[in-house]
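No value in this document is a laboratory result; all are computed from the given coordinates. Given the structure is predicted, the values throughout are model-derived calculations rather than measurements. Glycine also receives a Cβ, built like all others from the backbone with ideal geometry; neighbour counts cover every protein chain displayed.
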Amino acid sequence: MAEPKISIQNLDVYYGSLHALRAVNLDIPSNCLFTMMGPTGSGKTTLMRTLNRLNDTVAGFRKQGSVIVDGMDVYAPSVDVPSIRRRIGMVFAVTTPLPLSIYENVAYGPRLKGMKHKEAIDEVVQACLERALLWEEIKDRLSDPASRLSGGQQQRLSLARILALEPEVILLDEPCSGLDPVSTSRLEELLRQLCRTYTIILVTHNPLQAARVGQLTAFLYMGELVEVGPTAQIFTSPKHQKTEDYVLGRFG
Amino acid sequence: MNRLKDRLGTTLVWLSGIGVMLLLAAIVGMVLVRGIPALSVEFLTSAPEKMGREGGILPMIVGTMLLALLAVPLSGILGVGAAIYLAEYTVESRLTRIVRLATESLAGVPSIIFGLFGFVLFVMTLGFGWSLLSGALTLAFMTLPTIIRTAEESIRSVPGIYREVSYALGAGKWQTIRRVVLPSAGPGILTGIMLALGRSVAETAAVIFTAGSSLKYPRTLFDPVRTMAVHFYILAREGISMERAYGTAAMLIILILIVNSVALLLMQRFRAKV
Amino acid sequence: MHERRIERLLTCAALSSIAILALIILFIFKEGIGAVRHTGVLNFLVGSRWSPSREVFGIFPMIVGSLWVTVGALLLGAPLGILCAVFLSEFAPPKIANLARVSVQMLAAIPSVVYGFIGLVVVVPLIREYLGGPGFSVMASSIVLATMILPTVISISLDAIEALPSSYKEGAIALGATKWQAVAMVILPSARSGILAAVILGMGRALGETMAVIMVAGNALSVPTGALAPVRTLTSGIALEMGYATGLHRQALFGMGIVLLLLILGLNLIASSVGRGVRR
């Protein structure tokens, strides 16, 4: 089998005295649409934020174990943190565009990297908005404030923003919470297309979404990785009772 | 009996409220009514003659503007820098509490003390003499607390999620502050700066002992200068020319009203965004 | 790296407040302590003769003058200010409230010399005409100062009142109280520490005011005998003679500055410990 894109080994995470993740071992292959499901508080978001080192900004964060991406430890002392966050991009649950125009939102990443020429930035902005299936809708109002877009459009904008950084992995933390069913299915379809090029990790508290979208699914409960495997198998013949209870809606 | 007390109380409250507004109207009204007739083009574009008994107030207008335009950027940069540090780089600690106490204390120091301080430090010890430089530095120190207070409040009210998104896109802390936080806090910060500007224009005690009271146009940073407020004070107190005193006061009030109206408008825009 | 340098610069900016305050205290003390020691601290504070030409520096009349004038300003301005704050938060309909708030902010922006001037041409003649005395008096100063401290008292009291949970007022009204009763029996008592802080800060402002007082106080060198008597305050004393004072005389003026600074810094400290927890 090929090298996993991301290998999480014996990961424990603490926020102060709160033990948020317990001994998680997980391999995520490349170009996969990987979903993580579990009830609120199970540690899914914590796990994601630990991958792109966004938890570094949280006071009291402590970890044991390792996160290996492409064979390299993400937490090695010599690592440049901003570059990790560009390789592993993140879409948040709250659809928050930066308080800038649509154009500037997408151009933010490239500008940070030092891109200066207007034509080059224009190209990148258009390409990313096209890939995020947003270009047609907003191509005439690129300088409008991004806050004027609808929820679904803002989420696609968030994706475009990340695509502009040419990431390898895209993390999405409950991206469809607060979206109507139409926008949700559009976003899900977009993700299916994107996972041919990128590794996509989707966190959801809705098991049905995991069933619809994921190729591989992991189930987390109370900070522990209970079970992981091909989506079809998780949902039709789960190995653990807890998984079966969650999938059948007995709790969550 | 209770109803009587109630009536009395309510009347008093209403009287106070309306009274304060009438007070403002009376003060501004009186100055403008008597002062605007004196605001001829000649008054505003010529220099004073015979110690201010005749002529205009152009050097004073120039002096006031120069002083304010020197002082405000200085305290703006220092103040916004301090506000960024307090809001973004520290958690509440002993040090931040001391900084806040110092800032609040500084806000309460009367302008005459700033005048004395500016005199000793800038005019005498550092040898700048009565000058634009001494006056501007003194005013900058005086308006610093105002800017720190408003800037910190604006920066703190920028939602945390904006910062998170920026970090997630690979930005560092200072890049995030420069590209996302400061633009977002902009109107609020500008409000503080406009308030500082208004204070610089209105100030007398701190200015008269540091910038001097020369009637001539300042040519260098080290030349003394007389601001409109100082000129007004001298004209009124020495009884040199009531007409010109009113005119100077009217000009001063108009300028201050403009500056503060802009500040208020900015503040409303800032509040609306939040 | 780049980020470190920025952080260091910003730290310096933040420490500037402390640095400036320290410098002010340092320089004022340094310049003034000579005269105070020359006269003796007790004589300086309690002596009632101020005669620079004879190197006699007793500032008691001016301390008393400052206090009288300030107390007068508080008696007039504090109740008015507090009532106005109540008006703004409880009684005024939104449009009038907005207008009133703007008025208060504009009042704060008017230069002190303008206040003094209006005191000179309006208040002083009125007092002279209808109440007697030279017109230049403690009363004139108090009236002018009361107007000037209104914005301070109003805005800080308003902060204190608005910081109260709305359940306080709603609870009172639910029990059948009228608006005024709710204010008098619930809101004002609950906000009293914030209002006290407002009054103390207003006191500091009145103590520190210079230009307005110079124009209406009358500049007498003895302890004022009544509200209609002319008076000299610490602030006007400094400002009037600073223009031509030299040597020991100038040092004595700085000595007055020391007293003023200590009084006001002290008041500020009291105000912030009293009003702790008022700011949102």
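Each peptide in B:105-116, C:18-29, A:109-120 gets a packing score, the mean of other Cβ atoms within 10 Å over its residues, and the list from highest to lowest is B:105-116, C:18-29, A:109-120. Each Cα pair under 8 Å and six or more residues apart adds its separation to the average, and for chain C the resulting relative contact order is 28 percent.
The Rg/Rh ratio for the protein assembly as shown, using Cα coordinates for both the radius of gyration and the Kirkwood hydrodynamic radius, is 1.08. A Gaussian network model of chain C, with springs between Cα atoms under 10 Å, assigns the largest mean-square fluctuation among C:L262, C:L75, C:L42 to C:L42. Charge dipole (Cα centre; +1 on Lys/Arg Cβ, -1 on Asp/Glu Cβ; no other charges) of chain B amounts to roughly 580 debye. Relative to the longest principal axis of the Cα atoms of chain A, the long axis of helix A:181-194 makes an angle of roughly 90 degrees. Other protein chain C-beta atoms within 10 Å of residue C-beta, averaged over C:24-31: 5. Which of B:G188, B:G135, B:G160 moves most in a GNM of chain B, Cα contacts under 10 Å? Fluctuation is largest for B:G160. Taking the longest Cα principal axis of chain C as reference, the axis of helix C:2-39 is set at about 50 degrees.
Peptide packing: for A:61-70, B:165-174, B:2-11, the average count of neighbouring Cβ atoms within 10 Å per residue gives the ranking B:165-174, A:61-70, B:2-11, highest mean first.
First select every other residue whose beta carbon is under 13 angstrom from the beta carbon of C:P61; then total the charges, Lys and Arg +1, Asp and Glu -1. It would help to have the intermediate numbers written out before the result.
Details: positive: C:R49, C:R232; negative: none.
Value of the local net charge: +2.
Shape class for region B:1-136: oblate, because the ratio a/c of the largest to smallest gyration tensor axis (alpha-carbon atoms, square roots of eigenvalues) is 1.5 or more and b/c is at least a/b. In terms of the Cα gyration tensor, with a ≥ b ≥ c the square roots of its eigenvalues, is region C:101-205 rounded because a/c is under 1.5, prolate because a/b exceeds b/c, or oblate? Prolate, because a/c is 1.5 or more and a/b exceeds b/c.
What the Cβ-Cβ distance of B:S93 and B:R237 gives, at R0 = 51 Å and to the nearest 0.05, is a FRET efficiency of 0.55. Neighbouring Cβ atoms from other chains, within 10 Å of the Cβ of residues in C:97-108, number 5 on average. Charge dipole (Cα centre; +1 on Lys/Arg Cβ, -1 on Asp/Glu Cβ; no other charges) of the protein assembly as shown amounts to roughly 1100 debye. Sort region C:153-280 into rounded, prolate or oblate with this rule: let a ≥ b ≥ c be the square roots of the eigenvalues of the Cα gyration tensor; rounded if a/c is under 1.5, and if a/c is not under 1.5, prolate when a/b is larger than b/c, oblate otherwise. Taking the square roots of the gyration eigenvalues as a ≥ b ≥ c, region C:153-280 is prolate. Residues C:M242, C:M139, ranked from the fewest to the most other C-beta atoms within 10 Å, line up as C:M242, C:M139. When the listed pairs A:K44/A:K242; A:K116/B:K173; B:K50/B:K216; A:K44/A:K113 are checked against a 19 Å cut-off, the alpha-carbon distance exceeds it for A:K116/B:K173; A:K44/A:K113. Legend: mean number of C-beta atoms from other chains within 10 angstrom of residue C-beta atoms, peptide B:156-169, equals 6. Restricting the calculation to Cα atoms, chain C yields a radius of gyration followed by a Dmax of 22.0, 73 Å.
What is the dipole size for chain A, taken about its Cα centre, with +1 at each Lys and Arg Cβ and -1 at each Asp and Glu Cβ, in debye to the nearest 20?
280 debye
Its Cα gyration tensor gives chain B an equivalent ellipsoid, and the semi-axes of that ellipsoid, as √(5λ) in whole Å with the largest first, are 36, 29, 18. A simple spin-label model places the labels of B:L221 and C:T246 3.1 nm from each other, with each point 7 Å out along Cα-to-Cβ.
For C:R8 paired with A:R62, estimate the spin-label separation in nm (one decimal), with each label point 7 Å from Cα along the Cα-to-Cβ line. About 3.2 nm, to one decimal. In whole angstrom, how far apart do the alpha carbon centroids of region B:18-89 and region A:219-249 sit? Here the answer is 72 Å between Cα centres.
Measuring nothing but how far apart in sequence close Cα pairs (under 8 Å, 6+ apart) lie, relative to its length, chain A scores a relative contact order of 28 percent. When the charge dipole of the protein assembly as shown is built from unit charges on Cβ atoms (+1 for Lys and Arg, -1 for Asp and Glu) and taken about the Cα centre, the candidate among B:M242, C:A19, B:I193 whose Cα reaches farthest toward its positive end is B:M242. Once each part is reduced to its C-alpha centroid, what is the distance from region C:17-92 to region B:148-197 in angstrom? Value for the Cα centre distance between the two parts: 39 Å. Helix A:118-131 and the longest principal axis of the C-alpha atoms of chain A enclose an angle of approximately 50°. Result for chain C in a Gaussian network model with C-alpha springs under 10 Å: among C:G247, C:G81, C:G218, the largest mean-square fluctuation is at C:G247. Normalised by the number of residues in chain B, the mean separation of alpha-carbon contacts (under 8 Å, six or more apart) gives a relative contact order of 28 percent.
Projecting the Cα atoms of B:V180, B:S111, B:L126 onto the dipole axis of region B:91-201, where Lys and Arg carry +1 and Asp and Glu carry -1 at the beta carbon, places B:V180 farthest toward the positive end.
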